[in-house]
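The values are calculated or read from the model by the stated rules, or taken from the named source; none is laboratory data. None of the values given here were measured: they were computed from a predicted structure. We place every Cβ from the backbone using ideal geometry, glycine too, and count neighbours over all the protein chains shown.
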Amino acid sequence: MSSIEIADGEPLIFEKSRTGRTAANLPECDVPSIPASLLLGAENLRNNLPLPEVSELDVVRHFTHLSQRNYSIDGGFYPLGSCTMKYNPKVNEKTAGMPGFACMHPLQPEETAQGALALMYELQKMLAEICGMAAATLQPAAGAHGELLSMMMVHAYHRERGDEKRNIVIIPDSAHGTNPASAARCGFKVKGIPSNERGCVNLESLAQTVNENTAALMLTNPNTVGLFESDIQEICRLVHEAGGLVYCDGANMNAMLGITRPGDMGFDVMHFNLHKTFSTPHGGGGPGCGAVSVQPCLEPYLPTPTIKRIGKGASAVYSFDTDRPKSVGKIHSFYGAFLIAVRAYTYIRSLGAEGLREIGENAVLNANYIRARLTGHYDIAYDAKFCMHEVVLSANRQKQLNGVRALDISKRLMDYGYHPPTNYFPLIVPEALMIEPTETESKQTLDKFIDAMIQISKEAETDPELLRSAPHNTVVSRLDETAAVKNLDLRWEPLFAE
Ligand SMILES: *Cc1c(COP(=O)(O)O)cnc(C)c1O
C-alpha cells in the first residue's frame with residue numbers, strides 16, 4: 001500500500017520509528033525467564049515483527065492527532081438534517097458510567113438489579129407519556145430496528161384478527177429509505193404515494209390508495225422535508241376507516257417534544273431514536289436505541305420480556321415478564337442497549353417537562369432563523385410559512401447559473417470548518433441541502449454558519465472553480481466515495497520489508 005499524502009506534514013507512526021526506542025518501562029524480571037518458543041511454540045514466532053519503535057510521547061501524539069482528524073459534535077457545529085446530531089450533555093455520560101450501572105451483568109439475579117429495572121420501567125413510562133401512547137419497549141437497537149418491530153406487531157395484529165389479506169404498507173415518497181426496507185423485510189408489499197406541492201401527504205392519492213388490503217401507513221411527522229403534516233388527523237382517519245394502522249417514524253420527535261404528541265394525532269405505534277432526540281452520541285454504527293411506543297391495541301405484541309412492577313413507592317418490586325403469549329418474541333439479546341436508557345433517563349429527568357418543551361421550541365426557532373437569513377441566497381425547497389426543526393435548501397439556482405452543485409457547496413463548507421449538511425436527501429428535492437441546527441446552538445454559532453453559507457453563495461457566482469475543487473484545507477480532498485465504502489481498507493502496511 002502506498003503512503004497517503006498528509007497535508008499537515010505529520011509523519012505516520014511507522015515513519016517515526018527509531019531502532020531501540022520504546023514506550024514500555026517494565027521492572028527487571030525477577031523470575032527465571034522462559035524462552036517464548038517454549039511458551040508459544042517456535043512455529044508461532046516471527047523473526048521480524050515490524051512494529052514501530054516509538055516513545056510514549058510519540059504514541060500519545062500519534063493518537064491525539066488522529067482523534068483530531070475526526071469531526072465531532074464536541075468539536076464544532078454539525079448541521080446534518082434528518083439525523084438529529086445534538087449536543088450530548090456530559091452529565092448523561094457520568095450517570096451511564098456509574099459502576100452500579102456500567103458494571104452490571106445481564107444475567108445477574110433480578111433482586112440485585114432493582115435499580116436498573118426501575119430505571120427502564122420509568123423510562124418506558126416517560127416515553128409513552130411524551131408521545132401520548134400506552135406502553136413502550138427499549139429493545140430495538142436502532143430506529144430502523146424499531147420500524148421493523150413496529151411492522152412485526154402490525155403483522156401480528158392483523159393475523160390475530162384473521163385479517164390475513166392485509167399485505168400492503170403505504171409510504172410517502174419523502175420517507176427515509178429505512179421505512180420501505182423495514183416493511184418489505186416483514187413480508188409486506190410497499191406502495192408509494194406522492195407528496196403534494198406543499199411537500200406533504202397528498203390526501204387524494206392516499207384516499208385512492210387505502211383499501212381492505214392496507215396493513216399500515218408509515219409516516220414521518222414532521223416529515224423529512226421538515227414540515228408538519230397539517231392534515232394528520234384526516235390522514236389517520238382515512239387509514240383507520242379502511243382498517244389499517246398508522247405508524248409514526250419518530251426520528252423527528254425533537255421538533256415536537258412537549259408541544260404535541262403523535263398518540264393524540266391518531267398514530268397507533270411509533271419509534272423514538274433515543275440516540276437522536278434523547279441525546280446519546282451516535283454515528284459509526286451504534287450502539288443505539290430505537291425505543292417503540294404503542295397504543296393499547298398493540299400492547300400484547302410487544303417483545304418479551306417486558307418489565308412489571310408490583311407495589312408502589314419504596315416497597316415496589318420490579319421483575320421481567322416473559323409470560324406474554326401474543327408477543328412477537330425477542331428482538332435483541334437481553335434487554336437492549338441499557339446504558340443508552342440510562343443516558344435518556346438522565347436527560348429527561350434533568351430537563352423536566354418544561355425543559356423538554358423548550359427543546360422543541362428552540363429547535364424549531366433555530367431552523368427558522370437559518371431559513372429566514374438564507375432566503376434570497378438559496379432556493380428554499382417548499383414555500384411554507386415556517387419549517388419545523390430542519391430546513392431544506394436547494395442548490396438548483398447555483399446549478400443552473402454555472403453548474404455548482406449541492407456537493408460542491410458542502411465541500412466548500414469544510415474549508416470554513418463546518419461539517420457538511422445532509423446532501424441529496426430527501427430525494428424529492430433536487431440538489432437538496434438539509435440543515436438541522438438543533439436547540440443547543442447559540443445565535444452566534446448560527447450567525448457564523450449562515451455568514452459562511454452566504455459567502456459561499458457569492459463564491460458560487462464569482463469563482464465556481466473554488467467550490468468545485470474544494471475542500472482545500474483537509475487531510476485528503478475529494479475521495480471516491482463509493483470505493484471508500486465498498487473497499488474500506490483500514491490496515492496500515494509497514495513500508496519496510498520483512
Ligand atoms: C435516522 C432516521 C431513521 C433510522 O434510524 P437509525 O437509528 O439510523 O436506524 C429513520 N427515519 C428517519 C426519518 C431518520 O432520520
- Task: Can you work out which of the residues in the stretch 451-481 that are exposed (fewer than 12 other Cβ atoms within 10 Å of the Cβ) and within 21 Å of Tyr71 (Cβ to Cβ) is nearest to the chain's Cα centre (by Cα)?
- Result: Glu481
- Item | Answer residue from the stretch 234-282, given it is surrounded by fewer than 24 Cβ atoms within 10 Å (Cβ to Cβ) and within 14 Å of the ligand (Cβ to nearest atom) and is modelled with the lowest pLDDT among those | His282
- Message: Regarding the stretch 291-301, can at least one residue be identified that is assigned to a loop (DSSP other than H, G, I, E, B), surrounded by 18 or more Cβ atoms within 10 Å (Cβ to Cβ) and under 23 Å from the mean Cα position of the chain (by Cα)?
- Response: yes
- Message: Is it the case, given these coordinates, that Thr95 is under 23 Å from Phe338 (Cβ atoms), within 16 Å of the ligand (Cβ to nearest atom) and in contact (Cβ under 8 Å) with a residue 40 or more places away in the chain?
- Response: no
- Of residues in the stretch 58-90 being part of a helix (DSSP H, G or I) and in contact (Cβ under 8 Å) with a residue 24 or more places away in the chain, the one nearest to the ligand (Cβ to nearest atom): His65
- Mind listing just one residue for me: the one in the stretch 125-144 that is more than 16 Å from the chain's Cα centre (by Cα) and among the small types (Gly, Ala, Ser) and, of those, nearest to the ligand (Cβ to nearest atom)? Ala136
